[in-house]
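K.L.:
Got a structure for you, questions after.
The values are calculated or read from the model by the stated rules, or taken from the named source; none is laboratory data. Please read these numbers as outputs of a predicted model, since none were measured by experiment. Methodologically, a virtual Cβ is constructed for each residue, glycine included, from the backbone with ideal geometry; neighbour enumeration extends over all protein chains shown. Heads up: the accessible areas ignore ligands, DNA and RNA and are worked out on the full protein's heavy atoms, side chains in. Shrake-Rupley method; radii C 1.70, N 1.55, O 1.52, S 1.80 Å.
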Amino acid sequence: MSDFEQRRRDLVDALARQGRVERESTRAALEAVPRHEFVPESSREDAYVDRPLPIGEGQTISAPHMVAAMVDLLALESGDRVLEIGTGCGYHAAVTAEVVGAENVYSVEYHDRLAEQARRRFERLGYGDVSVRVGDGHDGWPEHAPYDAAYLTCAASELPTAVVEQVRPGGRLLAPVGDATQRLVLARRRADGSLDREEHGRVRFVTMQE
């Protein structure tokens, strides 16, 4: 076992002891994805510290406990079709892909450079079936709708209307919502298109590109 593998296992064990990983599928995904491959070379020694790290373009890779919480809250199952807004370095998408299958993950990234880096990283690490496009996350990715779940890795003032409409009735949406104060909002889409919403505490994410 490599040093990075041991650090990753230790981190996931610690998150489990703290009650920050609830679903076995989430735990297995965190153990499988090499987070050190998704951060800049200069940050690799900190890859298995439970905190965000900068990845360029003013963006960050989320702390592992936050990725775990979001995957848990969406209650993802194998085969679920998932829309991600904010590819970033690709780490969150890779964790999601471990649960639902890489071919079922569709991710939208605002920055061309981050999108291209993520595509190359996915190919190299075995997640090449994750689909990435460059665009405005507010628009979602209508060509592959409807989705069983959608989530944002950046904070929006409100859940983007187009993204909501691309989730099937009964599907779930998860996002940090708010401006000065952000809260993690989990919503389920009703048959009439309205949302059942619940909040899961205060969070701090980079702001969605306008």
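K.L.:
Rounded, prolate or oblate, given the Cα gyration tensor of segment 55-130, with a/c below 1.5 counting as rounded? Could the numbers behind the result be given before it?
P.N.:
On the way: a/c = 1.89, a/b = 1.27, b/c = 1.49.
Note, shape of segment 55-130 comes out oblate.
K.L.:
Taking the 0 to 90 degree range and rounding to the nearest ten, how far is the long axis of helix 112-125 tilted relative to the main principal axis of the chain, both from C-alpha atoms?
P.N.:
Helix 112-125 sits at roughly 60 degrees to that axis.
K.L.:
Over the chain, with a Gaussian network built from C-alpha contacts below 10 Å, which listed residue (SER157, SER107, SER131) shows the highest mean-square fluctuation?
P.N.:
Evaluated over the chain, the most mobile residue of the options is SER157.
K.L.:
I've got another one for you. So with the 1.4 Å probe, I'd like the accessible area per residue for the chain, rounded to whole Å².
P.N.:
Details: 9490 Å² over 210 residues.
Result: 45 Å² per residue.
K.L.:
What list of ³J(HN,Hα) couplings, whole Hz, do you get for segment 21-32 from phi and the Karplus terms 6.51, -1.76, 1.60, once you set θ to phi - 60° and write x for glycine and proline?
P.N.:
So the Karplus estimates, Gly and Pro as x, are 10, 9, 8, 4, 5, 5, 4, 4, 5, 4, 5, 7 Hz.
K.L.:
When only the heavy atoms of the protein chains count and the probe is 1.4 Å, how do PHE122, PHE4, PHE205 rank by accessible area, highest first?
P.N.:
On the way: PHE122 5, PHE4 50, PHE205 25 Å².
Ranked list, largest accessible area first: PHE4, PHE205, PHE122.
K.L.:
Tally Lys and Arg at +1 and Asp and Glu at -1 over the other residues with C-beta under 14 Å from the C-beta of ASP192: what net charge comes out? Kindly include the intermediate steps, with their values, before the conclusion.
P.N.:
Working: positive: ARG168, ARG188, ARG189, ARG190; negative: GLU165, ASP196.
That works out to +2.
K.L.:
Can you tally the net charge around ALA155? Count Lys and Arg as +1, Asp and Glu as -1, for every other residue whose Cβ sits under 12 Å from the Cβ of ALA155. Don't jump to the answer; show the numbers that get you there.
P.N.:
Numbers: positive: ARG183, ARG202, ARG204; negative: GLU158, ASP179, GLU210.
Overall, the nearby charge balance is 0.
K.L.:
For THR161, THR153, THR60, THR96, write out the residues from largest to smallest accessible area, computed with a 1.4 angstrom probe and no ligands counted.
P.N.:
THR161, THR60, THR153, THR96
K.L.:
So how exposed is CYS154, as accessible area in Å² (1.4 Å probe, rounded to 10)?
P.N.:
Surface open to solvent at CYS154 totals about 10 Å².
K.L.:
Taking all protein chains as present, what is the carbon and sulfur share of the accessible area of segment 123-210, in % to the nearest whole number, probe 1.4 Å? Numbers along the way, then the final one.
P.N.:
Details: 1900 of 4460 Å².
Carbon with sulfur: 43 percent of the solvent-accessible area.
K.L.:
Here's another thing I want to ask about it. Just add up the charged neighbours of HIS111: K/R +1, D/E -1, any other residue whose Cβ is under 13 Å from the Cβ of HIS111. Mind showing how you got there, number by number?
P.N.:
Values: positive: ARG113, ARG119, ARG133; negative: GLU57, GLU109, ASP112, GLU116, ASP136.
Here the count lands on -2.
K.L.:
Same structure again: Nothing charged except the Cβ atoms of Lys and Arg (+1) and of Asp and Glu (-1): what's the magnitude of the dipole of segment 1-159 about its Cα centre? Round to the nearest 20 debye. Intermediate values should be presented prior to the final figure.
P.N.:
Details: 17 positive and 29 negative charges, 74 e Å.
Using only the charged Cβ atoms, the result is roughly 360 debye.
K.L.:
Now a separate question. If I take every Cα pair under 8 Å that is 6 or more residues apart in segment 134-210, average their sequence separation and divide by the length, what percent do I get for the relative contact order?
P.N.:
Details: 160 pairs, mean separation 22.1, N = 77.
With pairs under 8 Å counted, the relative contact order is 29 percent.
K.L.:
Which percent, to the nearest 5, of DSSP beta bridges fully inside segment 50-196 are antiparallel?
P.N.:
Values: 11 of 28 bridges.
In segment 50-196, approximately 40 percent of DSSP beta bridges are antiparallel ones.
K.L.:
Continuing with the same structure: From the square roots a ≥ b ≥ c of the eigenvalues of the alpha-carbon gyration tensor of segment 78-168, which class results: rounded (a/c under 1.5), prolate (a/b over b/c), or oblate?
P.N.:
Numbers: a/c = 1.92, a/b = 1.25, b/c = 1.54.
Oblate, because a/c is 1.5 or more while a/b does not exceed b/c.
K.L.:
Pop out the ³J(HN,Hα) list for segment 135-150 in order, Karplus 6.51 cos²θ - 1.76 cosθ + 1.60 with θ = phi - 60°, rounded to Hz; leave Gly and Pro as x.
P.N.:
Once θ is set to phi - 60°, the couplings for segment 135-150 become x, 7, x, 4, 8, x, 9, x, 4, 10, 6, x, 9, 7, 7, 9 Hz.
K.L.:
Provide, in order from the shortest bin, the percent of all Cα-Cα pairs of segment 1-145 in each 10 Å bin, continuing until the bin that contains the maximum pair distance.
P.N.:
Spelled out per bin, shortest first, that is 12, 44, 36, 7, 0.
K.L.:
What relative contact order, as a whole-number percentage, does the chain give when Cα pairs under 8 Å and 6 or more residues apart are counted?
P.N.:
Details: 424 pairs, mean separation 30.7, N = 210.
Computed value for the chain: 15 percent relative contact order.
K.L.:
Using the charge dipole of segment 93-210 (Lys, Arg: +1 at Cβ; Asp, Glu: -1 at Cβ; taken about the Cα centre), state which of GLN182, ALA162, VAL130 has its Cα farthest towards the positive end.
P.N.:
Farthest towards the positive pole: GLN182.
K.L.:
Set Lys and Arg Cβ to +1 and Asp and Glu Cβ to -1, take the dipole of the chain about its Cα centre, and tell me which of GLY56, HIS36, GLY201 lies farthest positive.
P.N.:
Final value for the positive-end residue is GLY201.
K.L.:
Mind checking the angle between helix 3-17 and the chain's longest principal axis? C-alpha axes, 0 to 90 degrees, to the nearest 10.
P.N.:
50
K.L.:
Would you mind computing, in nm to one decimal, how far apart the modelled labels at THR207 and GLU165 are, each placed 7 Å from Cα along Cα→Cβ?
P.N.:
Simple spin-label model gives 2.6 nm for this pair.
K.L.:
I'd like the FRET efficiency for SER157 and ARG44, computed as 1/(1 + (r/R0)^6) with the beta carbon distance as r and R0 of 35 Å, rounded to 0.05.
P.N.:
Details: r = 35 Å, r/R0 = 0.99.
Working from the Cβ atoms, E equals 0.50.
K.L.:
Now for a different question. Output needed: percent of Cα pairs per 5 Å distance bin for segment 1-79, bins running from 0 to the one holding the longest distance.
P.N.:
3, 16, 27, 24, 17, 10, 3, 0
K.L.:
Near the amide H of ALA150, under 5 Å away, which other amide H atoms are found, from residues 5 or more places off or on another chain, if H is placed in the peptide plane?
P.N.:
Amide H neighbours of ALA150, under 5 Å, 5+ apart: LEU83, ARG172, LEU173, LEU174.
K.L.:
Further question: Rounded to whole Hz and in sequence order, give me ³J(HN,Hα) for segment 95-103 from the Karplus expression 6.51 cos²θ - 1.76 cosθ + 1.60, θ = phi - 60°, writing x for Gly and Pro.
P.N.:
4, 4, 4, 4, 8, 9, x, 4, 5
K.L.:
Which value, in debye to the nearest 20, gives the size of the charge dipole of segment 134-210 about its Cα centre, when Lys and Arg are +1 and Asp and Glu are -1 at the Cβ? Write out the running numbers ahead of the final one.
P.N.:
Details: 9 positive and 12 negative charges, 77 e Å.
Value, rounded to 20: 360 debye.
K.L.:
Rounded to the nearest 500, what is the 222 nm mean residue ellipticity of the chain from helices alone, with -39500 (n - 2.57) per DSSP H run of 4+ residues and division by all residues? Before the final figure, lay out the partial values.
P.N.:
Working: 6 runs with 64 residues, N = 210.
Computed ellipticity for the chain at 222 nm equals -9000 deg cm²/dmol.
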